[in-house]
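Below is one structure, written out as C-alpha cells; comments come after it.
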Amino acid sequence: MKKLLLVVLIVAGVGAAVWEKPQESAPVVANVQKPEVGFMAPSFTLTGLDNQTYKVEGKRSKPVVLNFWASWCGPCRMEAPDLQKIYEKYGGQIDMYGVNVTSSDSPEAAQAFVQSYKLTFPIPMDVSGSVSNRYLVQAFPTTYLIDTEGIVRKKIIGMIDAGTLELELRQLLNGNK
C-alpha cells in the first residue's frame, strides 16, 4: 500500500510540474487558445438578444469583459446591477458581453432578466452551450477579462462586486497585465 501511495504521489507531482511549466517559461502563449490567464481567449461568434452578431477573436481595439450567466443564478442577480454600472462608466473603453448560457436557461427567462435589471450591454446567447464549454464554465457567474491582444488576463469564478471589477478593469486599461 505504501508503494502504491508513493507511485500516486510521484505521478501527481510529475503531472503538476508538467502542468505548471508552460506558464513559468512563457507567461503569454500567443498562438494557443485556452481559457486560462496568459493564453489566447477562445474565439467565438454568437447572436445576441438584439439579433446582432458578437465576436471574440484575436486582436481588437478594446479589451473585453466576458461574463457568463444564467437567469436562475442568485449570484448573477446580485452582480447584474454592478455590471451595468461598470458598463455605463466604461462602455466607451471596453466591450462587455453578458453571455447567457441559454443551454442551461431559456431565451424567455434571459429576456426577462435583462429587462428586470435594465441591462444595456450586449447579451450574446450561447444556445448550444458550446462557448461556455470552450471556456470551461463550471459555475455561474464566471467572468473573463481579455486584453486588446486577445490574451486572457483574469478569470473570476463567482460574483464580483463593482469596486473589485473596476480595479481589475483599470489595470487592464492601463496596460498592467
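Assorted remarks:
- Asn100 being within 17 Å of the chain's Cα centre (by Cα) and within 22 Å of Leu167 (Cβ to Cβ): no
- For Leu169: the one exception among (1) in contact with a helix residue (DSSP H, G or I) (Cβ under 8 Å, 6 or more places away or on another chain); (2) surrounded by fewer than 18 Cβ atoms within 10 Å (Cβ to Cβ): (2)
- Any pair with Cβ under 8 angstrom, 6 or more apart, that starts in segment 84-95 at a residue that is within 14 Å of Arg60 (Cβ to Cβ) and ends at one that is among the aliphatic types (A, V, I, L, M): Gln93/Leu173; Ile94/Val64; Ile94/Val65; Ile94/Leu169; Ile94/Leu173; Asp95/Val64; Asp95/Val65
- Extreme residue, farthest from the chain's Cα centre (by Cα), among residues of segment 131-152 that are open to solvent by less than 60 Å² (accessible area, probe 1.4 Å) and farther than 23 Å from Pro81 by Cα: Thr148
- Extreme residue, modelled with the lowest pLDDT, among residues of segment 42-96 that are within 16 Å of the chain's Cα centre (by Cα), among the small types (Gly, Ala, Ser) and assigned to a loop (DSSP other than H, G, I, E, B): Gly58
The values are calculated or read from the model by the stated rules, or taken from the named source; none is laboratory data. Computed from a prediction, not measured in an experiment: that's the story for all the values here. All Cβ positions, glycine included, derive from the backbone under ideal geometry; neighbour counts span all protein chains shown. Quick note on the areas: whole protein, heavy atoms, side chains included, nothing else; ligands and nucleic acids left out. Shrake-Rupley method; radii C 1.70, N 1.55, O 1.52, S 1.80 Å.
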